Amino acid sequence: MASLNVGNLGEYLREQRRAAQLSLRQLADATGVSNPYLSQIERGLRKPSADVLQQVAKALRISAETLYVRAGILDEREREELETRAVILADPSINERQKNVLLQIYDSFRRENGFAPGPDAEADAEAAAAADDGVNAEAGAETDAGRDAGPRTGDDAGAGTTKDVTEDQDPHNS
């Protein structure tokens, strides 16, 4: 069989497998892919499917997107965009609404720079709108009542608001 040009995928997989200290047989057991087929991939004789690459990436604990690029399935720019999105979505320190807003901003910058928005841009926008609707519905009851009322002073200030009080006055005796 002639060697296929798969972007040095086989060599890369062999290096990653050895770095993980796995034999071909162990990798085959971990992925559910046959030992001979993995050997052919490593030698550049077979071009694996995206599903096989996903299984191998999971077993080796490496990025499937990196393998997709090396196999010629995914463009480098697409991989970088997917990884950017994945990092944002995986960040536990921000909530879902904040993640969606960041993704919307990211897509707007990409459009501004002449790139198409990401593959999930529409879904992200819909999710952000739904999250915003939920937040706005909760906040609406609190903000609608006093939105245009302006600052309240004196006798019309009511409970829980600040009256114009000098230091000498006792607010409880007014």
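The values are calculated or read from the model by the stated rules, or taken from the named source; none is laboratory data. From a predicted model like this one, the values you see are computed outputs, not experimental measurements. Glycine also receives a Cβ, built like all others from the backbone with ideal geometry; neighbour counts cover every protein chain displayed. Surface areas here come from the heavy atoms of the whole protein model, side chains and all, with no ligands, DNA or RNA. Shrake-Rupley method; radii C 1.70, N 1.55, O 1.52, S 1.80 Å.
What the table below lists for this structure:
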quantity: Contour minus Cα-Cα distance for Ser39 and Arg18 (0.36 nm per residue); calculated: 6.3 nm
quantity: List Phe109, Phe115, ordered by accessible area with a 1.4 Å probe, largest first; calculated: Phe109, Phe115
quantity: Relative contact order (%) - segment 9-111, alpha-carbon pairs under 8 angstrom, separation at least six; calculated: 20 percent
quantity: Arg97 paired with Thr84, simple spin-label distance in nm, labels 7 Å along Cα-to-beta-carbon; calculated: 2.5 nm
quantity: Rough spin-label spacing in nm, given labels placed 7 Å along Cα→Cβ, for Arg25 and Asn113; calculated: 4.9 nm
quantity: Label-point gap, in nm, between Glu76 and Asn8 - each point 7 angstrom along Cα→Cβ; calculated: 1.2 nm
quantity: Low-density loop positions, trypsin sites (Lys or Arg not before Pro), segment 40-98 - DSSP coil, at most 16 other Cβ in 10 Å; calculated: Arg43, Arg61
